[in-house]
Structure formats: structure tokens, C-alpha cells
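Structure record follows, encoded as C-alpha cells.
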Amino acid sequence: MSDILERLVNALEKIETKSQSPLHTKAPASVNTSTLLSQPGGIFSVVGMEQDIISAHVRPTGLGSTLPAFPSNLDDPRYGFLNGFTATVGSEPTNPCDDAPAGFMKGGTLTAAFGRIARDTQTIEIGKLLHQTRGATTNLRLIGDMLNMGDFNPAQMSQNEVLNMVVQSEMVGVGVQMERKLSTMLWQGVTTNNTAGGGYKEFPGLDYQIATGQVDAETNTAMSAADSYVLDFNYNDLDGTTLDIVEYLSMTEYQLRNNAVRMGLDPVTFAVVMRPETWFELSAVWPCRYLSYRCGNTGGTNPTVINDNVNVQLRDGMRNGMYIDINGNRYPVVVDDGIYENTNITSANVPAGYYSSNIYMIPLRVRGNFPSLYWENIDYRGAQQQLSALGAGNRVVPFWTTNGRFMWAYKTAGFCFNLQAIVEPRIVLRTPQLAGKIQNVRYSPLSHLRSPFSDSVYWADGGVSVRSTGTSYHVWS
């Protein structure tokens, strides 16, 4: 066996080969469709290429990569709530031994649903991996990172060899596609997008969990005690005068902290979450608005005059430290590309050059460091026990990576193969009554940031996926 095939076998062994029930994958193509590297026709098969390769790939950033993840194979779970006590029923007693008014304790449950995402590699022809390009650099080094999802990296491999090993490159490519999908589904996931056969499922995203109208999972009874705090900025400008963003964020913080204290859930670790473009515009206006909030006189003008560098220092401190002060309390700020953004194409309330999205205040942990927002995922490691009856045969069925979070199927056709990865995650918000959002906040940055999502007009790529192998001249031409 060649050195390259041995490295492939070793790489698969490193990701702790396990098994599960059969998965359906498309058959490999009859020819290689994977992106070759330094092999003939590969994107780096240029003679004399420098060893260091600079990444221009924009990774998604956001809340998902900071949250803990826990294995769970429990479908349709129940998360209990003690919602309070009813008003008393009955009359005040006339005599000392008469019955007195009494009330009832009330409780409820919430639930969560798994999603299912699958992505394939391209078809890899083993023979193509063995060919070498004359004079090409074969020990390339990546400057930059390809993935940013922490515990949800399906390849569970170092990226050091991503430019030199086609199989690893294809697996990391699956990771990139998974990361893009998960970062948007975290917020925008909705079960009505699920396919009829169950091959693709979206878990309910935070936009559908941070909401009013919460109901008991068993009886569908309204459970307003678990409602989130939701305000609508009604497409007003973040730096405008019709509505004041300081007032809206201050009331959101005050409501949620009051809930935390009065419900006995304090201390709560909150995070303020928004799109990066929203944060840039908010941090520009917040210091001045915060320092002069409600300083207006009866004539409606602001008597406060700020003529030193206090505003600049506060703005720069916010941006460099990624924090915001609200009602005298300091909160970490998380910027997230996956939050939905309206444009003039998607909303009539957004003129050209403007955008709108939501700002969130989210509880990460509550009293006793109890996690109140976290990932759960099907743990594929349990499949090994179920298939133990296959004996040595279980070596040819799918394997898991990343502590059982992802399962990979290996599909062969002659000397060609491809891989398919699946993950079944859900996002769990245990305390929706401590979460809030301000909807439809409009802003107008000088220019929009690059997007990590290929369906965005702000996404940039370029280059080639295959190169010409050149021409050689010989007697048999």
C-alpha cells in the first residue's frame, strides 16, 4: 500500500471508528469530482508556488461557538416550570375553625426538537491521490483558519494537512458547509422547512423560542409566566430620534434583571447579541446617548454639552472590550452573522442602503451556574453496542467523530468513494422568561461587511477548483 493510502487509513483510525445503522447516501460519481491539491489538475499544482497559503475564507462568527454542548438521545423532552400560585378561592372565615381561602400551585413544561443536517464530500478517486505534479510544492502550510464552531467541528482533525491531504480537505469542506447551516439555524430554524421524508430537519431557532405565547408541552395551555420580553423598534433608525435605543435596551435589561431577582434565579450571566454591523453602529451612538439619556429640558433640547474625549474613550472601550453598559451593569457583547437581516429586497420598510435586524439579551447561566442555553445532540457512540452482533462486520459501517456528535457514512463504487456526515442537534433555552429581544432595529453603515454565506450578495470567492494539466509533446501524439 502506498504512503498516501497508509496516511488515509491512519486518518480514519484517528477519528475513532465506530458504527451505526445504515445511512442512505448518493452513489459516488464514476470519476473524481473532489478538489485536488498538488496533484495534476489540482488548485495548487503550480510549479514554484510558495509554501505559505493565505486564507481569504470568511468564517461565521457568533453565539453558537461559545455555548456548551451535551449529548442526549431523548426525543421530545420535558423541561419543567413552576409558574406560581393562583389567587385564593373561598371566603374569609367567620369563626376560628372555619375553612379559609386557599390557592393552587401551577406548573408547566416546555419541549425541544432535534434537527438533522447531512452534507456530502465530492467523489474521490483513490488513484488520483497518488499522482504527483512535476515541480509542484507538496508541503503547503495554511495561514488562517477554516472553521469556527468549536464543539461542532465534524472533521475533528487538525487543519495542518488540509492543503496536502485531499480526503482531509474534503472533510473540512463538509465542516464549512455544516458550520454555515448551523450558524443560521441557531436563530432562524423553523420546523416547517423540514422535508417530508425526514432527511432534513430544522430545530426551532432562538427567534421562535425567545417569544411570547409560550404553552405547556402536554396540554397546549397558555403559560405566560414563561414568556420572553419582546419589543418592536418598528424599523426606526438606531441613531434616530423617534424612538430611543437607550430607552429600549434599558427597559429590556430592567425587565429581565427584575425577573431574575424576583424569581430567585440571580445571579444570571447575560449576553447582548446582535449582528456585527448593528454593533458597529450601536457602539458609535451609545456613549453619547447613554451619557445624555433623559437630559432634555422642557423645550425638548438637550442641555448637556460634551466637548472632550469621553465619548471616544467609551466607544473605543466598548469596541475593543466587546461590552456594553446598561443601567450601570456591564454585559458582554456577542456578534453573530446568523441573525436574520432585512434589506430593501426583503422588506418595504428598509430603504436601499439600510438594513434591519434584532438585538437580543440572552441568559447563558442562572443561579448556581446552571446552564440555561446550550446545545444538545444525538450521541452516535451508542450505535456500537447496537451493532455489536455484526462482529467484525461493524468495521465497514459508518463511523463517528467529535465525541459522537457527527456520524460519517463511507460509500464506495469500485475505486471511487465519497463520505456523508450527519448531525442531529437542537438548541435548548431553559429560561425563556429571562430572554428578550428588540425587533426591527434599522441602521445604515457606510458599507456592509463580507458575508460567510455563499447565498449572500456580500459573499466573495473567486479562483479555480481545477487547473489545466498543461501540454506535453511526444512521438505518439
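The values are calculated or read from the model by the stated rules, or taken from the named source; none is laboratory data. From a predicted model like this one, the values you see are computed outputs, not experimental measurements. Methodologically, a virtual Cβ is constructed for each residue, glycine included, from the backbone with ideal geometry; neighbour enumeration extends over all protein chains shown.
Do we find a residue being within 30 Å of ALA112 (Cα to Cα), out of contact with any Phe, Trp or Tyr (no Cβ under 9 Å at 6 or more places or on another chain) and modelled with pLDDT of 85 or more anywhere in region 49-64?
Scanning region 49-64 turns up at least one residue that is within 30 Å of ALA112 (Cα to Cα), out of contact with any Phe, Trp or Tyr (no Cβ under 9 Å at 6 or more places or on another chain) and modelled with pLDDT of 85 or more.
Within 30 Å of the chain's Cα centre (by Cα) and part of a loop (DSSP other than H, G, I, E, B): does that describe GLN122?
Working: within 30 Å of the chain's Cα centre (by Cα): yes; part of a loop (DSSP other than H, G, I, E, B): yes.
Spelling it out, GLN122 is indeed within 30 Å of the chain's Cα centre (by Cα) and part of a loop (DSSP other than H, G, I, E, B).
Quick one: is TYR323 touching a residue at least 40 places away in the same chain (Cβ under 8 Å) and hydroxyl-bearing (Ser, Thr, Tyr)?
On the way: touching a residue at least 40 places away in the same chain (Cβ under 8 Å): no; hydroxyl-bearing (Ser, Thr, Tyr): yes.
Considered against the rule, which asks whether it is touching a residue at least 40 places away in the same chain (Cβ under 8 Å) and hydroxyl-bearing (Ser, Thr, Tyr), TYR323 comes out as no.
Would you confirm whether or not region 452-475 contains a residue that is among the basic types (Lys, Arg), surrounded by 14 or more Cβ atoms within 10 Å (Cβ to Cβ) and either assigned to a strand (DSSP E or B) or free of Cβ contacts under 8 Å to residues at least 60 places away in the same chain (or both)?
No, region 452-475 contains no residue that is among the basic types (Lys, Arg), surrounded by 14 or more Cβ atoms within 10 Å (Cβ to Cβ) and either assigned to a strand (DSSP E or B) or free of Cβ contacts under 8 Å to residues at least 60 places away in the same chain (or both).
One line per residue, one yes/no per condition, for (1) outside any strand (DSSP E or B); (2) surrounded by fewer than 19 Cβ atoms within 10 Å (Cβ to Cβ); (3) hydroxyl-bearing (Ser, Thr, Tyr):
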position	(1), (2), (3)
ASN403	yes, yes, no
TRP408	no, no, no
THR412	no, yes, yes
PHE417	no, yes, no
GLN420	no, no, no
VAL428	no, no, no
VAL441	no, no, no
LEU449	yes, yes, no
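Among residues belonging to region 118-142 that are modelled with pLDDT of 85 or more and in contact with an Asp or Glu (Cβ under 8 Å, 6 or more places away or on another chain), point out the one that is surrounded by the fewest Cβ atoms within 10 Å (Cβ to Cβ).
In this case the residue turns out to be GLN122.
Being part of a helix (DSSP H, G or I), surrounded by fewer than 16 Cβ atoms within 10 Å (Cβ to Cβ) and touching a Ser or Thr at 6+ places or on another chain (Cβ under 9 Å) is the filter here; which residues of region 33-80 pass it?
Correct list: empty.
When region 81-107 is examined, which residues are found to be more than 30 Å from GLU376 (Cα to Cα), among the small types (Gly, Ala, Ser) and in a strand (DSSP E or B)?
Listed by number, the list holds a single entry, ALA102.
Which count do you get for residues in region 253-270 that are closer than 15 Å to VAL366 by Cα, surrounded by fewer than 17 Cβ atoms within 10 Å (Cβ to Cβ) and not charged (D, E, K, R)?
5
Given the conditions (1) outside any strand (DSSP E or B); (2) buried (at least 18 other Cβ atoms within 10 Å of the Cβ); (3) of a type in the set (A, V, I, L, M, F, W, C); (4) at pLDDT 95 or above, report the number of the one that ALA383 does not fulfil.
ALA383 satisfies every listed condition except (4).
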